[in-house]
Amino acid sequence: MDAFTVQEGLCAALSRDDVDTAQIIPKQFLKTVEREGLGKGLFFDLRFDAEGALNEEFVLNHAAFKGANMLIAGENFGCGSSREHAPIAIKAAGIACVIAKSFARIFYRSAFNMGLPIFESKDLYERVTEGDRIEVDGDEGWIRIVGVDLKPFRVQPIPPFMQALVEAGGLMKKIEKERQKIL
């Protein structure tokens, strides 16, 4: 994995607050310690109805967001239980980063431990519109909507020690790399 410096991509906005980890990755997908395949469970109960039919109203099911790699969310994203599967599923589904108004603290740390960069921006959520592309600079700490004449939105840059986690692919992979250097 590469360091998260400047990334550009199509963003999809979840129009809700308090998205909990059970919504991000439901319990039936927690029966594995493997990372492969978790992407198919991302937002499963929101993407499909009880009969398994596609929920056409859910943003990630819209054709316009096929290939979206930036997720925009409201307040308190990742609340609920501590599921490391949640950030893993987000990454496995091809999402490069999540930008939310705010994050649950446990999710914030789990995201970086799993190598998923996240950013808080109260203003971006209100300004991004369907089909926007955004550019995120994790080193300098800004996000801009591509092709829109607005000042970039300021965000906290990713601190170097957390950037190292992202670059390594997560905490355990970073520890393993450090261990290999010693041996």
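Side notes on the structure shown:
- Cβ-Cβ FRET estimate between ALA164 and GLU140, R0 fixed at 22 Å, reported to 0.05: 0.80
- Neighbour-limited loop hits for GluC sites (Glu not before Pro), the stretch 117-183 (at most 15 other Cβ within 10 Å; DSSP other than H, G, I, E, B): GLU130, GLU140
- Extension gain (nm, one decimal) between VAL148 and GLU178, 0.36 nm per residue minus Cα-Cα: 6.6 nm
- Extending 7 Å from the Cα toward the beta-carbon at both GLU57 and ALA22 defines two label points whose distance is 2.0 nm.
- Semi-axes of the equivalent ellipsoid for the stretch 35-152, Cα gyration tensor, largest first, Å: 23, 19, 13
- For the chain, the solvent-accessible area with a 1.4 angstrom probe is 52 square angstrom per residue.
- Distant alpha-carbon pairs in the stretch 1-80 (separation over 17 angstrom), percent: 55 percent
- Shown for the chain: the carbon plus sulfur share of the solvent-accessible area, taken with all protein chains present and a 1.4 angstrom probe, equals 51%.
- Here's the list of lysines a cross-link from LYS181 could span, going by alpha-carbon distance under 18 Å and ignoring same-chain residues fewer than 8 apart: LYS173.
- At most 12 other Cβ within 10 Å, DSSP loop - trypsin sites (Lys or Arg not before Pro), the stretch 25-101: LYS31, LYS66
- Loop-located GluC sites (Glu not before Pro) across the stretch 36-119 with a Cβ neighbour count of 15 or fewer within 10 Å are GLU36, GLU51, GLU56, GLU57, with loop assigned by DSSP.
The values are calculated or read from the model by the stated rules, or taken from the named source; none is laboratory data. Quick caveat, the model's predicted, so the values are computed rather than measured. As a convention, Cβ positions derive from the backbone with ideal geometry for all residues, glycine included, and neighbour counts pool all protein chains shown. Accessible surface areas use protein heavy atoms only, side chains included; no ligands, DNA or RNA. Shrake-Rupley method; radii C 1.70, N 1.55, O 1.52, S 1.80 Å.
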